[in-house]
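Colleague: For reference, the structure I am asking about is given below.
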Amino acid sequence: MSQISMGPAVILAGGRGTRIHRLAPHLPKPMLPILGKPVLQYQIECLRRSDVKDVLLVIGHLGERIREHFGDGSRFGVRMDYFVEDTPLGTGGCFGELAARLPETFFVLYGDVLLDIDFARMWQFHRSHVGCCTLFVHPNDHPADSNLVDVGRDGVVQGISRKGQPRSGWYRNCVNAGVFVFDQSLVRGLPGGMLDLERGVIAPKIQQRLVYGYRSTEYAKDMGTPHRYELVTRHVASGVVAARSLRNKQKAVFLDRDGTINHHVGLVSTPDQIQVQEEVFEALARLNGSEYLSILVTNQPVVARNLCSIDELEEIHRKLETVLGERNVYLDDLYYCPHHPDRGYPEENIAYKITCECRKPRIGLVEQAARQYNIDLSESYFVGDTTVDVQTGRNAGTRTILLSTGEGGRDAKYDVLPDFKAADLLDATEIVLS
């Protein structure tokens, strides 16, 4: 990616960390060490790799420990400044006093997020849209304990469902990771005192359609509980954190849906027909903890056949993401083709009865994912239960695995052999990870 000029970063590092306080009561939460290095240092080193050289740290509780470690930032290749909260101001209260010190556009990070991301990609996304705020969003393994972000098909954030609030119906597993790009217009004129960043600063702009969601598969996890602290420590040690940065070429497992993820019942046109196969939860858990992205690519001609609408298809996928999230696993992304080329049926939806580049075994969706997430297809796999999936993988230049679940290759639409055969998705995952 070409070099671009980016603004500074404001890191909110003043929280007490009540849920993880017992691990290091003498340290502020962002200074908890991961393999001997504070979480905050991982953030600053990542910013520096993206050529962000100016960092403003908002400190409070035990903030002197942060100052002692980072000083003026020169030891870490950045210029460090500080804002001290003498009394707690919440996640957004500091901006009422900081607005005059901030440039036109800048990053904001929660100080308890262990991450390795390509900030330049997020910056370019923000600058290419008309909003005043961009949220880094992604699926995670604990959506029930996270703020869920409702992002429309145009990328505009339509609302945020806060953790702890009652939720009804199915939802997309899309959460706010605690990384933002702000324009100064977002914080100009804010009142002083206690203020919540999402409710008091961002929410009013959501109503004006000025907030966007930047979806990424990169590693960005808060370590605010003992369990998550242990998890991110394992992921740093295994190399997963660094490998997931989109500065690097990615590896992916592309997954068919029907017969691979959920039980094969024919055409699925309502959410109640989606029943996830039991072994899929363990398979996705293995993939989520690995260097491989898990990306669903599915033909869904139910739209072209007028069995359901796009909105109804997306409700089916919301159920799928909800069910997976309840078992603490997720898909990194999901792509579908709603088209079908054959016309002439009285009940069909003529708008979707077209020949397209996204219907498997054509590879339009695979190529779209490869562009969005910097995927090396030659290091990736396509997994499914039909010869269509095998042919798609061959066309895309991936390795292929044919499953015995679902149709088990009995569709026989293409005379093609897979690189591997597997009993089910868990068996296929063992092949990939070995």
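The values are calculated or read from the model by the stated rules, or taken from the named source; none is laboratory data. Since the structure is predicted, the reported quantities are computational estimates derived from the model, not experimental observations. Here the Cβ is made from the backbone with ideal geometry for all residues, glycine too, and neighbour counts use every protein chain on show. Heavy atoms of the whole protein, side chains included, go into the accessibility calculation; ligands, DNA and RNA do not. Shrake-Rupley method; radii C 1.70, N 1.55, O 1.52, S 1.80 Å.
Colleague: Residue check: is Pro88 touching a residue at least 40 places away in the same chain (Cβ under 8 Å) and in contact with a helix residue (DSSP H, G or I) (Cβ under 9 Å, 6 or more places away or on another chain)?
Modeller: So Pro88 fails the test.
Colleague: Of Val151, Val137, Val157, which residue is open to solvent by 10 Å² or more (accessible area, probe 1.4 Å) and in contact (Cβ under 8 Å) with a residue 24 or more places away in the chain? I'd like the intermediate steps shown before the answer.
Modeller: Values: Val137 fails: open to solvent by 10 Å² or more (accessible area, probe 1.4 Å); Val157 fails: open to solvent by 10 Å² or more (accessible area, probe 1.4 Å).
Just a single option satisfies the conditions, and that option is Val151.
Colleague: Looking only at segment 299-337, which residues are touching a Gly at 6+ places or on another chain (Cβ under 9 Å) and open to solvent by less than 10 Å² (accessible area, probe 1.4 Å)?
Modeller: Thr322, Cys337
Colleague: Would you mind finding the one in Leu102, Leu12, Leu62, Leu32 that is within 26 Å of Asp196 (Cβ to Cβ), in contact with a strand residue (DSSP E or B) (Cβ under 6 Å, 6 or more places away or on another chain) and either in contact (Cβ under 8 Å) with a residue 24 or more places away in the chain or of a type in the set (Ser, Thr, Tyr) (or both)?
Modeller: Exactly one residue qualifies, and that residue is Leu12.
Colleague: Scanning for something of a type in the set (Phe, Trp, Tyr) and either over 25 Å from Val151 (Cβ atoms) or over 25 Å from the mean Cα position of the chain (by Cα) (or both), does segment 330-338 turn up at least one residue? Step through it out loud before you land on a result.
Modeller: Going residue by residue through segment 330-338, those that are of a type in the set (Phe, Trp, Tyr) are 330, 335-336.
Filter again for either over 25 Å from Val151 (Cβ atoms) or over 25 Å from the mean Cα position of the chain (by Cα) (or both), leaving none.
No, the conditions are met nowhere in segment 330-338.
Colleague: May I pose another question? Please count how many residues of segment 342-378 are among the hydroxyl-bearing types (Ser, Thr, Tyr), surrounded by fewer than 18 Cβ atoms within 10 Å (Cβ to Cβ) and modelled with pLDDT of 95 or more.
Modeller: 2
Matching residues to (1) of a type in the set (A, V, I, L, M); (2) modelled with pLDDT of 95 or more:
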{"site": "Ile20", "(1), (2)": "yes, no"}
{"site": "Pro25", "(1), (2)": "no, no"}
{"site": "Gly60", "(1), (2)": "no, no"}
{"site": "Gly77", "(1), (2)": "no, yes"}
{"site": "Thr87", "(1), (2)": "no, no"}
{"site": "Ala99", "(1), (2)": "yes, no"}
{"site": "Asp112", "(1), (2)": "no, no"}
{"site": "Ala120", "(1), (2)": "yes, yes"}
{"site": "Trp123", "(1), (2)": "no, yes"}
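Colleague: Considering each residue of segment 59-96, count those that are open to solvent by less than 10 Å² (accessible area, probe 1.4 Å) and on the phi > 0 side of the Ramachandran plot, and give that number.
Modeller: 1
Colleague: How do the helices (runs of 4 or more DSSP H) wholly within segment 170-239 filter down when requiring 1 or more residues that are without any contact (Cβ under 8 Å) to a residue 60 or more places away in the chain and under 19 Å from Gly96 (Cα atoms): which remain?
Modeller: By residue number, 184-187, 203-206.
Colleague: Can you tell me which of Val323, Val383, Val390, Val366 is touching a Pro at 6+ places or on another chain (Cβ under 6 Å) and within 25 Å of Thr429 (Cβ to Cβ)?
Modeller: Selected residue: Val390, the only one of Val323, Val383, Val390, Val366 that is touching a Pro at 6+ places or on another chain (Cβ under 6 Å) and within 25 Å of Thr429 (Cβ to Cβ).
Colleague: So, Ala422, is that one open to solvent by less than 20 Å² (accessible area, probe 1.4 Å), small (Gly, Ala, Ser) and more than 15 Å from Val297 (Cβ to Cβ) or not?
Modeller: Values: open to solvent by less than 20 Å² (accessible area, probe 1.4 Å): yes; small (Gly, Ala, Ser): yes; more than 15 Å from Val297 (Cβ to Cβ): yes.
So Ala422 fits the description; yes.
Colleague: Here are some residues: Leu255, Leu210, Leu267, Leu231. Which one is under 30 Å from Gly397 (Cα atoms) and surrounded by fewer than 21 Cβ atoms within 10 Å (Cβ to Cβ)? Working first, answer last.
Modeller: Working: Leu255 fails: surrounded by fewer than 21 Cβ atoms within 10 Å (Cβ to Cβ); Leu210 fails: under 30 Å from Gly397 (Cα atoms); Leu231 fails: under 30 Å from Gly397 (Cα atoms).
That would be Leu267, the only listed residue that is under 30 Å from Gly397 (Cα atoms) and surrounded by fewer than 21 Cβ atoms within 10 Å (Cβ to Cβ).
Colleague: So which residues in segment 393-427 are touching a residue at least 24 places away in the same chain (Cβ under 8 Å), touching a strand residue (DSSP E or B) at 6+ places or on another chain (Cβ under 6 Å) and of a type in the set (S, T, N, Q)?
Modeller: Correct list: Thr398 only.
Colleague: Output yes when any residue across segment 180-189 is in contact with an Asp or Glu (Cβ under 9 Å, 6 or more places away or on another chain) and open to solvent by less than 40 Å² (accessible area, probe 1.4 Å), and no when none is. Show your work before the answer.
Modeller: Filtering segment 180-189 for residues in contact with an Asp or Glu (Cβ under 9 Å, 6 or more places away or on another chain) gives 183-185.
Keeping just the survivors that are open to solvent by less than 40 Å² (accessible area, probe 1.4 Å) gives 183-184.
Yes: segment 180-189 contains one or more residues that are in contact with an Asp or Glu (Cβ under 9 Å, 6 or more places away or on another chain) and open to solvent by less than 40 Å² (accessible area, probe 1.4 Å).
Colleague: Same structure again: Give the number of residues within segment 278-298 that are more than 30 Å from Leu47 (Cβ to Cβ) and touching a helix residue (DSSP H, G or I) at 6+ places or on another chain (Cβ under 7 Å). I'd like the intermediate steps shown before the answer.
Modeller: Quick first cut of segment 278-298, residues more than 30 Å from Leu47 (Cβ to Cβ) only: 278-286, 296-298.
Still in the running and touching a helix residue (DSSP H, G or I) at 6+ places or on another chain (Cβ under 7 Å): 279-280, 282-284, 286, 297.
Count: 7.
Colleague: Would you mind finding the one in Leu47, Leu40, Leu35, Leu56 that is hydrophobic (A, V, I, L, M, F, W, C), at pLDDT 95 or above and open to solvent by 40 Å² or more (accessible area, probe 1.4 Å)?
Modeller: Every option except Leu35 fails the conditions.
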